[in-house]
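Notes follow once the structure below has been shown.
The values are calculated or read from the model by the stated rules, or taken from the named source; none is laboratory data. None of these values were measured; they are calculated from a predicted model. Because the Cβ atoms are built from the backbone with ideal geometry, glycine has one as well, and the counts that use them run over all protein chains shown. The protein model used for the area step is the full one, side chains on, heavy atoms only, and it has no ligands, DNA or RNA in it. Shrake-Rupley method; radii C 1.70, N 1.55, O 1.52, S 1.80 Å.
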Amino acid sequence: MKKILALVLSLVLLMACVSVASAAGKVGVAMPTQSLQRWNQDGANMKAQLEAAGYEVDLQYANNEVATQVSQIENMILNEVNVLVVASIDGSALGTVLTQAKEAGIPVIAYDRLLTDTDAVDYYTTFDNYKVGQIQGQYIVDKFDLANTDKTYTIEFTAGSPDDNNAGLFFAGAYDTVKPYLDNGKLVCVSGQLDFATVATPAWKSETAQARMDNILSAYYADALTGGQTLDICLCSNDSTALGVTNSLVAAGYTTENIPVITGQDCDIANTKNMVKGLQAMSVFKDTRTLAEQTVKMVSSILAGETPELNGEYDNGVKQVASFNCTPVFADVSNYESLLVESGYYTAEQLAE
Ligand code: BGC
């Protein structure tokens, strides 16, 4: 009898816990793709932190296909999520489904990438994206002492996906920082490919960045390793494009001895290993744990009917979207251990060859 009573009591307790968990609410998290490392981390962090805060989570990845992301969000609306968190593939392509969310009274948070050309977005959590580009550009200015040198250095640019609002901001931050030196001739872009549309990389694909760099190398720097025109700097907006550019250079015969200075962003594992090896010069660390934490706080505030913590705003073409911008941090071989390993972001094993 006692045993039965204990069993009934634990069942009641369990049911109480379950109802407390779902009482906190249901959150739909729409992520772009599992093919790039960072989104797996973002998704995992969001799910873990939301669940720890008592929310039920529907986490979906859309394989970089807009139609898939639209139908995933439609399902989340049908399943009556209380809040939607969306990291878009194409920030301007979700207007219709976001309007459905708005009509259903579901608040929408744009995650990392701005949702543009719609009024059906409430808030935005991200990093200071222009600053990311500035960190990359300033690294080049300092590394080559451009303010004081008499030398001329060559530079090629590789930017991100044209459908990602962040890509233009990263490029602008970097370009604006190095522009004075393009103007005074201390930096020369031999290919002449300087505008965002020309240097962009659809879907941020490593293979696409690699193929473009193959073409640039053979058209403008074919004799670089035999005394001809050298290439000093590859300013890449993120790690997936940096990886493609690095692969192109290595395939063309460059080694750690003579590889151009390559910038990146995200501290992906493959790129961090390349920094340690001396193949990539720097990256920008955006701690996805912090972004997830801010987003979870935002979800909780919204559901409590409070105004979330905000520190910026972005124009999405239709409205000013209030945002919380986390801070990006410079990373290279000198600080990666404290930033990435000691902080528990990666284990030493993950970064071992
Ligand atoms: C993110 C970057 C990422 C890129 C490709 C951007 O929107 O902000 O961190 O490298 O997408 O996934």
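Computed 3J(HN,Hα) for the range 124-133, one whole-Hz value per residue from the Karplus formula 6.51 cos²θ - 1.76 cosθ + 1.60 where θ = phi - 60°, is 9, 10, 7, 9, 6, 6, 4, 4, 4, x, glycine and proline marked x. Karplus-based coupling profile of the range 311-316, in residue order and whole Hz: 9, x, 7, 10, 7, 9, with θ = phi - 60° in 6.51 cos²θ - 1.76 cosθ + 1.60 and x standing for Gly or Pro. Full extension of the chain between Gln229 and Ala67 yields a length gain of 53.8 nm, computed as 0.36 nm times the residue separation minus the alpha carbon distance.
Between Glu337 and Lys179, what is the spin-label point distance in nm, taking each point 7 Å from the Cα along the Cα→C-beta axis? Distance between label points: 4.0 nm.
Rounded to the nearest 10 degrees, the angle from helix 2-24 to the longest Cα principal axis of the chain is 50 degrees.
Here's how it looks for Tyr153: its modeled amide H is under 5 Å from those of Leu187, Val188, which are all 5 or more places away or on a different chain. Within straight-line reach of Lys297, meaning a Cα separation under 29 Å, sit the following lysines at least 8 residues removed in sequence or on another chain: Lys26, Lys47, Lys102, Lys131, Lys286, Lys319. At q = 0.07, 0.12, 0.13, 0.14 Å⁻¹, what log₁₀ I(q)/I(0) does the chain have when each alpha carbon counts as one equal point scatterer in the Debye sum? Summing over Cα pairs of the chain leads to -0.34, -0.87, -0.99, -1.11. Of the listed residues Arg113, Arg212, the order by accessible area with a 1.4 Å probe, largest first, is Arg212, Arg113. Relative to one another, the C-alpha centroids of the range 145-223 and the range 253-320 are positioned 20 Å apart. In percent, rounded to a whole number, the relative contact order of the range 129-285 is 24, using alpha-carbon pairs under 8 Å and six or more apart.
Among beta bridges identified by DSSP and lying wholly in the chain, the antiparallel ones come to about 20 percent. Decide, for the range 129-285, between rounded, prolate and oblate: order the square roots of the alpha carbon gyration tensor eigenvalues as a ≥ b ≥ c, take rounded if a/c falls under 1.5, and otherwise choose prolate if a/b is larger than b/c, else oblate. Note, shape of the range 129-285 comes out rounded. Here the simple spin-label model places points 7 Å from the Cα toward Cβ, and for Glu51 and Ala352 these points are separated by 2.8 nm. Here Lys151 is the anchor, and the aspartates and glutamates within straight C-alpha reach of less than 17 Å, apart from those fewer than 8 places off in the same chain, are Asp142, Asp183, Asp232.
Take every DSSP beta bridge whose two residues both sit in the range 129-285; close to 0 percent of them are antiparallel. In this structure Lys186 has an accessible area near 50 Å², from a 1.4 Å probe over the protein heavy atoms. Tell me, what is the FRET efficiency for Glu313 and Asn215 to the nearest 0.05, using R0 = 45 angstrom and their Cβ-Cβ distance as r? Efficiency for this residue pair is about 0.70. A probe of 1.4 angstrom, applied to the heavy atoms of all protein chains, finds Leu243 with accessible area near 40 square angstrom. A cut-off of 5 Å between modelled amide H atoms, ignoring neighbours fewer than 5 places along the same chain, links Val83 with Lys26, Gly28.
For the range 270-333, relative contact order (Cα pairs under 8 Å, six or more residues apart, normalised by length) works out to 40 percent.
Against the longest alpha carbon principal axis of the chain, how many degrees, from 0 to 90 and to the nearest 10, is the axis of helix 239-251 turned? Helix 239-251 sits roughly 40 degrees off the main axis of the chain.
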